[in-house]
Amino acid sequence: MKKLFTTLCLLCIIVCTPLFSQTVDTVEVFSSKMNKTIKNVVVLPENYNKSDTQKYPVLYLLHGHGGKFDEWVLRTKKSLPQDATRWQMIIVCPDGQNSWYWDSPVDPASQFDTYISKELVKYIDNKYRTIVSPQGRGITGFSMGGHGGLWLGINHPDVFGACGGMSGGVDLRAFPGSFEIVPKIGKRYKDDAGLWDEHTILNQLHKIEPNTLKIIIDCGINDFFYNVNKRLHEEMIYMNIPHDYIERPGEHSAEYLHNSIDYQMMFFYKLFNAHK
């Protein structure tokens, strides 16, 4: 499997290897904001190369803390290539480098909000036959990636028409000493609570305008992020923000995630096809 993800050359050289009749690409995309290249996996549906005109929606799928760009196809969801064909979408898995998918106010090498919402989306739209509109883009992820999916979706509704989180770290104030958050934000919670407030999903909800963004959230009831996800759900109900919310038995585990992603892909598929 390692050969599948070997990058042959430098910037934006693409490696294409058939897998179960689908195609998995590893691409390196240069970030001007960070002045470095970032690896990404791109999964194309089986029929992508059988037509030169059909355009596809794109689901951006973010990994959790400690993961990397090939986490999904190598370990978490090995059936992702078949899923791309089943749901008729391109799936893009960027490397998030424990960034929490913000633009860090203190680390110029960790500017992943700009990278994903602008630089990567532009690259994918230029390289592949995509639906170039928010109605053709969704973003979600697991754990840190669940935080990132909601952060990027809420803050960039002009880019993503739908967003989600699976077992997401949606209120990091509850975990102030964990997950390498302090090096990315720049200060400890007790030293600058306001800065942490600004980087909390729960405090982004006022940005959501009616009828602009479709949202899905799920979390296992035995997950250490369960309480913050339930609170997010309750806040969204209070603010009358439409969303899908699912809680089911499960922990913060690959087993739970493997089940969760199937429901989320179906959610995005239905939204993508509603605009056809």
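Okay, here's what the table says:
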read-out	value
Sole exception among (1) over 28 Å from ILE90 (Cβ atoms); (2) part of a helix (DSSP H, G or I); (3) under 18 Å from the mean Cα position of the chain (by Cα) for ARG231, by number	(3)
VAL121, sole failed condition from (1) part of a loop (DSSP other than H, G, I, E, B); (2) within 21 Å of ASN273 (Cα to Cα)	(1)
Inter-residue pairs, beta-carbon under 6 Å, first farther than 19 Å from LEU62 by Cα and surrounded by fewer than 15 Cβ atoms within 10 Å (Cβ to Cβ) and in region 12-39, second of a type in the set (A, V, I, L, M) and modelled with pLDDT of 95 or more, 6+ apart	ILE14/VAL27
Qualifying residue in region 146-155 (condition: farther than 26 Å from LEU74 by Cα and out of contact with any strand residue (DSSP E or B) (no Cβ under 6 Å at 6 or more places or on another chain))	yes
Subset tally (residues that are at pLDDT 95 or above, more than 13 Å from ILE217 (Cα to Cα) and out of contact with any helix residue (DSSP H, G or I) (no Cβ under 6 Å at 6 or more places or on another chain)) for region 143-176	4
Lone unmet requirement of (1) in a helix (DSSP H, G or I); (2) loosely packed, with under 13 Cβ neighbours inside 10 Å; (3) touching a residue at least 40 places away in the same chain (Cβ under 8 Å) for HIS206	(3)
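The rows are residues; the columns are (1) part of a helix (DSSP H, G or I); (2) touching a residue at least 40 places away in the same chain (Cβ under 8 Å); (3) of a type in the set (D, E, K, R).
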residue	(1), (2), (3)
LYS184	yes, yes, yes
LYS187	no, no, yes
LYS190	no, no, yes
PRO242	no, no, no
GLU251	no, no, yes
ILE261	yes, yes, no
PHE267	yes, yes, no
LEU271	yes, yes, no
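The values are calculated or read from the model by the stated rules, or taken from the named source; none is laboratory data. Predicted model only: the values in this text are computed from it and were never measured. All Cβ positions, glycine included, derive from the backbone under ideal geometry; neighbour counts span all protein chains shown.
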